[in-house]
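Shown next, in structure tokens, is the structure this report addresses.
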Amino acid sequence: MPDRGGGPTGPRIRVGRPSRRVRTLLMTLGVLAVLAMAFVMFAGFWTDWLWYRSVRYSSVFTTTLWTKIGLFAVFGLLMALAVGVNIWLAHRLRPPLSAMSLEQQNLDRYRMGIAPYKKWVLLAVTALVGLIAGASASGQWRTWLMWVNGVSFGQKDPQFQLDVSFFAFDLPWYRFLLGFGFAATVLSLIAAALVHYLYGGLRITSPGARATAAATGHLSVLLGLFVALKAVAYWLDRYGLAVKSSDFKATGNWAGLRYVDANAYLPAKTILFCIAVICALLFFATLWRRTWQLPVIGFGLMVLSAILIGGLYPAIVQKFQVQPNEQAKEAPYIKKNIDATREAYDIDDAKVDDYQGVGDSKDNSQLRKDADSAASYRLIDPNVVPPTFDQLQQERKYYQFPTTLDVDRYKGQDTVVGLRELDLQGIPKRNWINDHFTYTHGYGVVAAKGTAVKPDTEGAPDFSESGLPSQGMLGEYEQRIYYGEKTQQYSIVGGPQKELDYEKNGEPTKTTSYKGKSGVNLSNPLNRAAYAVAFSEPQILYSGAIGEGSRILYNRTPKERVEAVAPWLSLDGDAYPAVVNGRVQWIVDAYTTTNGYPYASRTTLGDTTADALTQTDSQRAVIAQQNQVNYIRNSVKATVDAYDGTVQLYQWDTEDPVLKTWMKAFPDTVKPKGDIAPALMEHLRYPQDLFKVQRELLTRYHVESPSQFYSGSDAWQVPDDPTTGEKSSVPPYYLSLKMPQEQDRKFSLTTTFTPNGRPNLGAFMAVDADASSKDYGTIRLLRVTGDVPGPQQVQNRLNSNAEVAEFVRNMKGANSDIEYGNLLTIPLNDGFLYVEPVYAQGNNAYPLLKKVAVSYGRETVFKNTLGEALNAVFGEEGETPPPPGDGDDDTTRPPSDGDASLQKAIEDAQKAYDEGEEALKQQDWTAYGEAQEKLQDALQRAADAEARTETPATPGAEGKKPEKAAQDEKGDQKGS
């Protein structure tokens, strides 16, 4: 070796092979890299398993995982075997080298190059195709589970007399198997042909026979399998006609058989099936005849038949039989489509009544009286007032309300509700500890009466639950909001790091430590390492803020949690909160769907559920985006606890076969309907997205006569929202109203229709949205027979009103913006009453209700209050009484300010409670005992005063009554 800088006796540096130390280092680095990659993959799997176990739905994770693994293994192995066996067989059937032509001898260098690695090449090819096929098959886990667990619909299609479950559950699986068979056959055919060519079984340019007898037999069998699969495809295509979508110019989107399908395509598919079977047998016969002459002729005839019988003949039938008398020919099939579509979307019981729409009563005093009881006129628009909630009830910058509030019912009153959720953007100082350890939850529910504003204000909402902690009509409940629609970051709670509970002016900052059981325990070093990798946050691994009892909370939005535990459901775009038995519960409506209901027209959920509201509120997403379905049921009501994240799934539609199928696949995940608590039932409602899908279908499918349906003479459309000026559908509105021929108001979901291409009112639709009502889900349609202005016309009439013009000028002069609230439509004495609140918002201010517009018949008025507007539109004085739940309700009225003894007792109790809490922190038991004596004395005085006034005590600190607070402190002392 040459010297490098050394003398005869100096050191030598060997050049060439790396030293043993370098090789060891490289090997170590390689092993570490492999281990790191393996741990990254393991971390994803492990954290998923931990999360599902934490929410007690581990069976969903394991069932889904094992189903995917099973499909991957079975179909990956089948594909690998199919391709591998055919490659091996083609190699085994190769001719001897002496029989090879000059063309094949030129391929020697390729054969020689492959020869040493034949086994490895075979393994590599089969493994590659097996992995690809297995990955594709694992994505069909839903199809497999629905097929193996499918239950009967109890209904048969009108053409083949097969149960609907065949089309919904069986046919998709058969189509997957057919597609897999085609892929395996084609890949095997290509691989076998290449091997035969490489080893001389096939010749392209050489004279003489183009293939050896062995190659001919082998490839003929594969071609025969392909043609046999084509025969199966023709047979399945017959059933596919029942769920086929097509364009029908008379009615638009169409599903199911039409005249040409039943009388041309269906017999053509049967004939082609027979021809394909014969052709496949001819290919198989080459094993004995050793010639492709008959199979090739048969294949050519099959292709020609497909063109003539499957294409040309149906076109002739359509042109010369159907088009000259299309309405009569298509009438039976249109009827089948109408019946199936109405059944599939649960609109078959929708009641359609003719309604004049133009009130003809001459007794204005009676009209005025009836107007008082026709509806609970919701003047507080949940889409407009969120900024008002922010300004008046946000309390701290790190809280936020949703951009669209929710409408619920409390004590029989329509109420606008919002949760005070955490907003990390408002934290005074952003850092990792503050973001994930200190600021972890929102606090409290804020609610306002939906039908009135607060007296002696400039139009602010009348809050029935407000403050921090929130107090009011809801009484005592757990106010901390750890799970919400806007809570998307992870938090680490329950450990050594205290959380900020809430801050109130003039009082010390309250801290807390999470006591719930949700989340994943981080005390285990393996868990910490896995989450550090999964969340790309190394501080999780070594932070001192994590210790004994620390738990990580993530997947915190209600829809994320329900989607994870029930991946077979489609979710409504609007989750809404309710206070149920002392807990804030998010309620999520969930749907089962399929696109395999025969004869039912398909709809794209993403397009159908989009409206003016979804365009302005990114949190209120549409369901399933572009997922096409032709069957939908609101089969599950899900709840998510806002404090501990507990997810409960309740069966709602007990007859839905799709839900029964999934309940078989995932047993014990959905609770029976009877387990729904009465307190929860009071807040369940008819879901908006289902209503929007149904109203879109009812624009055409309210018609049951085939001839009228064909002509489209009574087709409707959903009007654009007149209050926004945008080309987007008007959203449906929740409010309590009285429909014609009904005696009582019902909590309903409503919408309007206009005739196609016309602005006037075509129909009004309402569904009983109160889940506790015996008529829940009953859809009523009022088909307007008179000339009634539609929503856009009413809005235009309002905009042109002189009083409105003057009001707008005045507001513009004061630098205030005008915002129109929801335009409510209420049936009243054969007419329609329109009510619209109008808000004004100054610079850097918030919307306040300033005016109310009312229109009835030809009269449109614009007044300061609803009562004034109703008086003006009918020309009669009347009383607009508060809706149920308003007025002197002793259960909701706060203590009288004039009762000094009660007020003093409550103040003393609060002071004693605070002193006891401070003493408990200092572990000063003497001071604690004294504080408890003061608290008991104050509580006794409060109870005596309460008995005299018949008014309950005001909740104490942190939303608890002083009595409850005292009990909690005693429990804490006992635990200490």
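At-a-glance table
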read-out: Residue satisfying all of: in the range 784-806; surrounded by 18 or more Cβ atoms within 10 Å (Cβ to Cβ) and not polar (S, T, N, Q); farthest from PRO740 (Cα to Cα) among these; value: VAL804
read-out: Check on LYS515, surrounded by fewer than 19 Cβ atoms within 10 Å (Cβ to Cβ) and under 14 Å from GLY494 (Cα atoms); value: yes
read-out: Residues located in the range 45-73, provided they are surrounded by 15 or more Cβ atoms within 10 Å (Cβ to Cβ) and hydrophobic (A, V, I, L, M, F, W, C); value: TRP46, TRP49, LEU50, TRP51, VAL55, VAL60, PHE61, LEU65, LEU71, PHE72
read-out: Qualifying positions in the range 147-177 - assigned to a loop (DSSP other than H, G, I, E, B) and touching a Phe, Trp or Tyr at 6+ places or on another chain (Cβ under 6 Å); value: GLY150
read-out: Within the range 535-562, considering residues that are buried (at least 18 other Cβ atoms within 10 Å of the Cβ) and assigned to a helix (DSSP H, G or I), the one nearest to the chain's Cα centre (by Cα); value: LYS559
read-out: Selection status of ALA127, farther than 26 Å from LEU236 by Cβ, modelled with pLDDT of 90 or more and assigned to a helix (DSSP H, G or I); value: yes
read-out: The range 789-836, residues that are closer than 18 Å to ASP721 by Cα, in a loop (DSSP other than H, G, I, E, B) and touching a strand residue (DSSP E or B) at 6+ places or on another chain (Cβ under 6 Å); value: GLY790, GLY821, ASN822, LEU823
read-out: Among residues of the range 451-464, those that are of a type in the set (Asp, Glu) and assigned to a strand (DSSP E or B), counted; value: 1
read-out: Options PHE747, PHE753; residue that is at pLDDT 90 or above and out of contact with any Asp or Glu (no Cβ under 9 Å at 6 or more places or on another chain); value: PHE753
read-out: Test: residue in the range 313-331 that is at pLDDT 85 or above and under 19 Å from VAL243 (Cβ atoms); value: yes
read-out: Top-ranked residue in the range 416-460 [being surrounded by fewer than 24 Cβ atoms within 10 Å (Cβ to Cβ) and of a type in the set (S, T, N, Q); ranked as nearest to VAL385 (Cα to Cα)]; value: THR457
read-out: Residues being farther than 16 Å from TYR52 by Cβ and over 11 Å from the mean Cα position of the chain (by Cα) - total across the range 563-584; value: 9
read-out: Exclusive hit being under 32 Å from the mean Cα position of the chain (by Cα) and over 13 Å from THR752 (Cα atoms), set ASP770, ASP830; value: ASP770
read-out: In the range 841-850, the residues that are assigned to a strand (DSSP E or B) and either assigned by TED's automatic domain parsing to the domain that holds LYS449 or crowded, with 22+ Cβ neighbours inside 10 Å (or both); value: LEU849
read-out: One residue from TRP254, TRP288, TRP235, TRP292 being among the aromatic types (Phe, Trp, Tyr) and surrounded by fewer than 16 Cβ atoms within 10 Å (Cβ to Cβ); value: TRP288
read-out: Qualifying residue in the range 438-450 (condition: in contact with an Asp or Glu (Cβ under 8 Å, 6 or more places away or on another chain), without any contact (Cβ under 8 Å) to a residue 12 or more places away in the chain, over 29 Å from GLY842 (Cβ atoms) and not in a strand (DSSP E or B)); value: no
read-out: Any hit, the range 59-75, residues being modelled with pLDDT of 80 or more and either among the acidic types (Asp, Glu) or farther than 30 Å from GLU560 by Cα (or both); value: yes
read-out: Number of the condition not met by LYS362 [criteria: (1) farther than 22 Å from PHE753 by Cα; (2) assigned by TED's automatic domain parsing to the domain that holds ALA268]; value: (2)
read-out: Filtered residues of the range 458-510 (kept if at positive phi, at pLDDT 90 or above and not assigned by TED's automatic domain parsing to the domain that holds ALA447); value: GLY494
read-out: Test: residue in the range 695-705 that is without any contact (Cβ under 8 Å) to a residue 24 or more places away in the chain and either surrounded by fewer than 21 Cβ atoms within 10 Å (Cβ to Cβ) or polar (S, T, N, Q) (or both); value: yes
read-out: Scan of the range 809-839 for residues that are crowded, with 22+ Cβ neighbours inside 10 Å, farther than 24 Å from GLY786 by Cβ and aliphatic (A, V, I, L, M), ordered by number; value: VAL838
read-out: Out of ASP157, ASP163, sole residue that is crowded, with 18+ Cβ neighbours inside 10 Å and free of Cβ contacts under 8 Å to residues at least 60 places away in the same chain; value: ASP163
read-out: Complete set of residues in the range 715-739 that are aliphatic (A, V, I, L, M) and assigned to a loop (DSSP other than H, G, I, E, B); value: ALA715, VAL718, VAL730, MET739
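Okay, residues lined up against (1) closer than 24 Å to SER152 by Cβ; (2) touching a residue at least 24 places away in the same chain (Cβ under 8 Å); (3) buried (at least 22 other Cβ atoms within 10 Å of the Cβ):
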position: ILE632; (1), (2), (3): yes, yes, yes
position: SER635; (1), (2), (3): yes, yes, yes
position: ASP644; (1), (2), (3): no, yes, no
position: THR654; (1), (2), (3): yes, no, no
position: PRO667; (1), (2), (3): yes, yes, no
position: GLY674; (1), (2), (3): yes, no, no
position: ARG685; (1), (2), (3): no, yes, yes
position: LYS692; (1), (2), (3): no, yes, yes
position: GLN717; (1), (2), (3): no, yes, no
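The values are calculated or read from the model by the stated rules, or taken from the named source; none is laboratory data. Since the model is a prediction, treat every value here as computed from it, not as a measurement. FYI the Cβ positions are ideal-geometry reconstructions off the backbone, even for glycines, and counts take in every protein chain you see.
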